[in-house]
Number of protein chains: 2
Amino acid sequence: MSGSEIRRTMPLFPIGIVMQLTDLTARQIRYYEEHQLISPARTEGNRRMFSLNDIDLLLEIKDLIDQGVNLAGIKQLFSSKEKQVVTEEMQKEAKKVRRELSDDELRKILRSELTQAGRFNRSSLRQGDMSRFFKS
Amino acid sequence: MSGSEIRRTMPLFPIGIVMQLTDLTARQIRYYEEHQLISPARTEGNRRMFSLNDIDLLLEIKDLIDQGVNLAGIKQLFSSKEKQVVTEEMQKEAKKVRRELSDDELRKILRSELTQAGRFNRSSLRQGDMSRFFKS
DNA sequence: TTTTTATGTTACAAAACCTAACATGGTGTT
DNA sequence: AACACCATGTTAGGTTTTGTAACATAAAAA
């Protein structure tokens, strides 16, 4: 785990501070936890302790609630955003690999990109896509 | 405009057929139009006529409604999905690039994909079983 | 045409979701 | 102990979504 990740997940704030930071009531914060949009840590005395990540999530929740999105919708948006992060990271990786290719290969790819431009197809990562690289 | 796009946007079905195709009530369909999740065409006599695209949208709406997402949430998901489609397109393109690479380079990418997948979807892939394919 | 069926709009009510308000009791500090 | 802070539960009220009904118009069938 990286240092910044530790900093972002370290339990730091009691609920009173979080109320001030987010402009949410304690009731709201507990309600969002009850519905598993956040998972703050607990002290030995059962007090909630919130990390910076929790604060970020709560601010996003607040935004979406203000736009009328309900908790089920926020849950969906959060999980679809994780996928987005994944694809963005893959995209970064693909770019890196591409940088290591020869000009010749690059031209081939570029040409296929152009011919495929404007095509939107549903595709997700499946294990089957990788199976040919593994022996069973 | 491409031929398939014309086919997908051509007004074809009256609301009665759409009810059967989607298992939604007329009331629901009209309500979703009222809140601008769909925009079916109209005949001269003011009847709604739905395209294949409209049907797809309604099926997605139905799915999300079944999961408890409200209309504001669906609206957000639809607009965030446009971005998602773009990244999926890039992902698909990344796959194509990958196909043209040596297996050695491929394993590098694959490993980064697996660590990403493991971060969010621990149950679907067992990273441990595959680690023997990668050099540390 | 006349009759029947499908669809349009509007209004009212029920159910579910989210928040606020309050009560009761636990935790921690001084 | 006194006091502030926090946890949990209950109740009530506003909003969103859907069902239902009433009535008008369009399209199809007779």
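The values are calculated or read from the model by the stated rules, or taken from the named source; none is laboratory data. Quantities reported herein were computed from a predicted structural model and do not represent experimental measurements. Neighbour counts are summed over all protein chains in view; Cβ atoms, including those assigned to glycine, are modelled from backbone coordinates with ideal geometry.
Considering only residues that are loosely packed, with under 13 Cβ neighbours inside 10 Å and more than 13 Å from DNA strand D (Cβ to nearest atom), which ones fall in the range B:11-20?
Matches in the range B:11-20: B:GLN20 only.
Among the candidates A:ARG119, A:ARG107, A:ARG98, single out the residue that is surrounded by 14 or more Cβ atoms within 10 Å (Cβ to Cβ), within 24 Å of B:THR87 (Cα to Cα), away from DNA strand C (no atom under 16 Å from the Cβ) and modelled with pLDDT under 95.
A:ARG98
Out of A:LEU57, A:LEU52, which single residue is more than 7 Å from DNA strand C (Cβ to nearest atom) and closer than 24 Å to B:SER79 by Cα?
Matching residue, one of A:LEU57, A:LEU52: A:LEU57.
B:MET19 is checked against (1) in contact (Cβ under 8 Å) with a residue 12 or more places away in the chain; (2) within 16 Å of DNA strand C (Cβ to nearest atom) and fails just one. What number does that condition carry?
Condition not satisfied by B:MET19: (1).
Does B:LYS75 qualify as being surrounded by 13 or more Cβ atoms within 10 Å (Cβ to Cβ), of a type in the set (D, E, K, R) and at pLDDT below 85?
When the stated conditions are applied, B:LYS75 does not pass them.
So A:LYS135 passes all but one of these: (1) outside the structural domain of A:THR9 (by TED's automatic domain parsing); (2) exposed (fewer than 14 other Cβ atoms within 10 Å of the Cβ); (3) modelled with pLDDT of 90 or more. Which condition number does it fail?
(3)
Could you check the range B:24-56 and list, in sequence order, the residues that are crowded, with 17+ Cβ neighbours inside 10 Å and within 14 Å of chain A (Cβ to nearest Cβ)?
B:LEU37
May I ask you to verify whether A:LYS92 is more than 7 Å from every other protein chain (Cβ to nearest Cβ), modelled with pLDDT under 90, assigned to a helix (DSSP H, G or I) and out of contact with any Lys or Arg (no Cβ under 7 Å at 6 or more places or on another chain)?
yes
So which residues in the range A:6-31 are in a helix (DSSP H, G or I) and either closer than 13 Å to A:ASP56 by Cβ or not assigned by TED's automatic domain parsing to the domain that holds A:ILE65 (or both), if there are any at all?
Within the range A:6-31, A:ARG7, A:ARG8, A:THR9, A:VAL18, A:LEU21, A:THR22 meet the criteria.
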